[in-house]
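Colleague: Below is the structure I would like to discuss, written out as structure tokens.
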Amino acid sequence: MKRLGVVAILLLSFFGLADSMYLAQHEMNGTPLICDIQNLTGCNIVASSEYSNLFGIPLADFGILFYSIIFVLAMLELVLFDQLLRRTLQGVAFVGVLSSIYFTIVQVFFIGAICIYCSASAVAALGILILATLIEPIRRRTFSSAPHSHLPMPPRV
């Protein structure tokens, strides 16, 4: 089951990588995005907004970096089967989901338009986080109320 989850993460990261590369190519060439799907035409508005860059770097480039890291971590997980690697995968995916939430809020409340490519990336990041959590569940530590064997028991009266 874990292997299947990792393969699904690989597929989602490949999809996210292709999505981010398409957006980055648009940024480099300055060509309009193809996004007239069921009247969702906000892609070009979002892509040309002042919010489409962070520290002078297009957000699509951050997407390429994010999905490349996820892809490499998932590939390594197929070979190494390491808990620390799975936890790292969860951490990176969590950062991706938080970023997606933030950028979705920016699209809705500050730009006033929705980019379907950005939304697809957010869904892929969420799927990756869910799958990463399924392959390595996060368990809370429970503390036993039983007395420890190395502590002396008080005398009974």
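Colleague: Using 0.36 nm per residue, how much length does the chain from Lys2 to Leu98 gain when fully extended, once their Cα-Cα distance is taken away?
Modeller: 32.1 nm
Colleague: Quick one: Cα convex hull volume of the chain, Å³ per residue?
Modeller: 192
Colleague: What does the charge count near Met21 come to, summing +1 for each Lys or Arg and -1 for each Asp or Glu among other residues with Cβ under 13 Å from its Cβ? Could you put the intermediate results ahead of the total?
Modeller: Numbers: positive: none; negative: Asp19, Glu27, Asp61.
Local net charge: -3.
Colleague: At what distance in nm do the modelled label points of Ile138 and Ala18 sit from each other, each positioned 7 Å from its Cα along Cα→Cβ?
Modeller: Result: 3.0 nm between the two label points.
Colleague: A further question follows. Using a 10 Å cut-off on Cβ atoms, rank the peptides 2-10, 51-59 from the highest mean neighbour count down. Each step should come with its number before you reach the end.
Modeller: Details: 2-10: 17.1, 51-59: 13.3.
Final packing ranking: 2-10, 51-59.
Colleague: Suppose R0 equals 22 Å. What FRET efficiency, 1/(1 + (r/R0)^6) with r the Cβ-Cβ distance, do Val123 and Val72 give to the nearest 0.05?
Modeller: For Val123 and Val72, the calculated efficiency is 0.55.
Colleague: Assuming R0 = 41 Å, can you tell me the calculated FRET efficiency for the pair Val79 and Thr41, based on Cβ-Cβ distance, to the nearest 0.05?
Modeller: Values: r = 43 Å, r/R0 = 1.06.
Calculated transfer efficiency: 0.40.
Colleague: Taking the Cα centre of segment 2-135 as origin and charging only Cβ (+1 Lys, Arg; -1 Asp, Glu), how large is the dipole, in debye to the nearest 20?
Modeller: Using Cβ point charges on Lys, Arg, Asp and Glu, segment 2-135 gives about 480 debye.
Colleague: Only helical DSSP H runs with n ≥ 4 go in: add -39500 (n - 2.57) per run for the chain, normalise by residue count and round the 222 nm mean residue ellipticity to 500 deg cm²/dmol.
Modeller: Estimated from H runs of four or more residues: -21500 deg cm²/dmol.
Colleague: What number, in percent, do you get for the relative contact order of the chain if the mean sequence gap of Cα pairs under 8 Å and at least 6 apart is divided by its residue count?
Modeller: Relative contact order, the chain: 36 percent.
Colleague: Would you work out which of Ile105, Val7, Cys35 lies farthest towards the positive end of the dipole of the chain? Charges go on Cβ: Lys and Arg +1, Asp and Glu -1.
Modeller: Val7
Colleague: I would also like to ask the following. In what sequence, highest mean first, do 103-114, 118-129, 66-77 appear when ranked by Cβ atoms within 10 angstrom? Don't jump to the answer; show the numbers that get you there.
Modeller: On the way: 103-114: 14.9, 118-129: 21.6, 66-77: 19.7.
Final packing ranking: 118-129, 66-77, 103-114.
Values in this text are rule-based calculations from the coordinates and carry no lab data. Just so it is clear, the model here is predicted, and its values are computed rather than measured. We place every Cβ from the backbone using ideal geometry, glycine too, and count neighbours over all the protein chains shown.
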